[in-house]
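What follows is a set of notes on a single structure, which appears directly below.
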Amino acid sequence: MKTFPTAKMDLQTKIFTILFGLICLVVIGFGGYEIFTEKAFFLLFPVAVVCIALISSYLMIPEISVDAQKNILIKNSFVNFKIVREELANVEIITGKKFNIRTFGVGGLFGYFGYFNGNDVWYVTNLNKKIQITMKSGKIYMISPENTEDYLRQLELVY
């Protein structure tokens, strides 16, 4: 089994992550101060929500692998599943950015994870380095290994 590094965040994702991280620090700092000095326990909930959002988003960054049978393995702290090679209809590199609708998931904090455009499942950390995996069933997965061409070579889909 060969594991491929997940693509480094693109500029837009980095900026969003840094800004949200700074906002989180302010909320946690201010909230923590008010909770402990003024006994403002009503601030526990927003501080907890911000902490959970930050931590859970980070834990969604995937590990992408290809096994000996050329199946695609995707694993993070919440999921661990296999995309069987025989069920693939098409695999292609997607370049550039286009408008996408986040149905349910994370949209920019450490990456783009969850459901987009209805039922497409994304595990993307860089919008400029995406691979679209279309299954015979019509389901679409998007991943972003650091080197998309090497990844496709490992799958033996590019020669």
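What follows draws every value from the coordinates through simple rules; no lab data is involved. Remember, predicted model here, so these are calculated numbers, not experimental data. Note that we place each Cβ from the backbone using ideal geometry, even for glycine, and neighbour counts take in every protein chain shown.
Mean sequence separation of contacting Cα pairs (under 8 Å, at least six apart), scaled by the length of the chain, corresponds to a relative contact order of 25 percent. One chain, two ends: Leu11 and Ala89. Fully extended at 0.36 nm per residue, the span grows by 24.9 nm beyond their Cα-Cα distance. Taking a straight Cα-Cα cut-off under 20 Å and skipping sequence neighbours fewer than 8 places away in the same chain, the lysines within cross-link reach of Lys75 are Lys2, Lys8, Lys129, Lys130, Lys139. Other residues lying with their Cβ under 12 Å from the Cβ of Tyr115 contribute a combined charge of +1, Lys and Arg counting +1, Asp and Glu -1. Computed from the C-beta positions of Lys139 and Tyr33 and an R0 of 35 Å, the FRET efficiency is 0.15 to the nearest 0.05.
Our summary of shape: the Cα atoms of region 22-92 have principal axis extents of 61, 19, 18 Å, ordered from largest down, in whole angstrom. The long axis of helix 44-59 is offset from the longest Cα principal axis of the chain by roughly 20 degrees. Highest average first, the peptides 112-124, 135-147 ordered by how many other beta carbon atoms sit within 10 Å of their residues are 112-124, 135-147. Max-minus-min Cα coordinates of the chain on each principal axis give 64, 28, 28 Å, with the largest extent listed first.
Cβ crowding within 10 Å ranks Leu152, Leu11 as Leu11, Leu152, fewest other Cβ atoms first.
Annotation: amide H of Thr103 within the under-5 Å range of Tyr115, Phe116, Asn117, Gly118, sequence separation 5 or more or interchain, hydrogens built in the peptide plane. Relative to the longest principal axis of the Cα atoms of the chain, the long axis of helix 11-38 lies at roughly 30 degrees.
Distances longer than 15 Å among the Cα atoms of region 62-156: what percent of all pairs is that? Tail of P(r) above 15 Å: 59 percent of Cα pairs.
Note on Thr103 and Asn128: the extension gain reaches 7.0 nm, defined as 0.36 nm multiplied by sequence separation minus the Cα-Cα distance.
Taking packing as the residue-averaged number of other Cβ atoms within 10 angstrom, the listed peptides 80-87, 102-109 run from highest to lowest as 102-109, 80-87. Calculate, for Asn80 and Phe42, the FRET efficiency according to 1/(1 + (r/R0)^6) with r their C-beta to C-beta distance and R0 35 Å; round to the nearest 0.05. The computed FRET efficiency comes out at 0.40.
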